Amino acid sequence: MHSLFPLSPRYRLDDELPWLVGVDPVRRYWINVNGDESQVVTIPGLLTSVTEFKRTVLAFRALLPGETLTLSTYSTPTQIYCIAENCYAIAGEVNGAAIWHLFDQETIESFLMTAHPDWQCSPEDVELGRNHLLRSFEQAAVA
């Protein structure tokens, strides 16, 4: 019996599909799953000190197939899985199904660079964070 291993297409910075919606001020990466604008998910980004930032970038570049790297984020830790040369995965969930978002090395490095203290998101991406916050206020609190 084979275990289920769902995959989504690999995202690249030069993709023809508009998969990257933006990166908000707390470094959440907003992506359209498979380029579908009706399926937007967020991936928590790296939040760290300059020393930890450098260590994380070097550790990522040293990853070999089968190895993982755990990122410190604003919420739960995010793991990057090295699947093969120039192919990395971040686990996620879409419509209740477990999936793997696949990225090339250049894309993951760009994501990691947003953790640098000098990085600032674009004014349009500030709205992503605001909209996320507004939606959280609209949800009923659990007592």
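Observations on the structure shown:
- Residue count for the stretch 88-122 satisfying the condition of being among the acidic types (Asp, Glu), modelled with pLDDT under 90 and within 18 Å of Arg55 (Cβ to Cβ): 1.
- Selection of the stretch 1-56 for residues being at pLDDT below 85, surrounded by fewer than 15 Cβ atoms within 10 Å (Cβ to Cβ) and charged (D, E, K, R) yields Asp14, Asp15, Glu16, Asp36, Glu37.
- Filter result (open to solvent by 70 Å² or more (accessible area, probe 1.4 Å) and either in contact with a helix residue (DSSP H, G or I) (Cβ under 8 Å, 6 or more places away or on another chain) or assigned to a strand (DSSP E or B) (or both)) within the stretch 84-97: Glu93
- Within the stretch 45-73, tally of residues that are hydroxyl-bearing (Ser, Thr, Tyr) and touching a Gly at 6+ places or on another chain (Cβ under 8 Å): 1
- Residues located in the stretch 98-131, provided they are farther than 16 Å from Val21 by Cα and part of a helix (DSSP H, G or I): Gln105, Glu106, Glu109, Leu112, Met113
The values are calculated or read from the model by the stated rules, or taken from the named source; none is laboratory data. What you see is a predicted model, and the numbers here were worked out from it, not measured in a lab. Because the Cβ atoms are built from the backbone with ideal geometry, glycine has one as well, and the counts that use them run over all protein chains shown. Note: areas computed on protein heavy atoms with side chains; ligands, DNA, RNA excluded. Shrake-Rupley method; radii C 1.70, N 1.55, O 1.52, S 1.80 Å.
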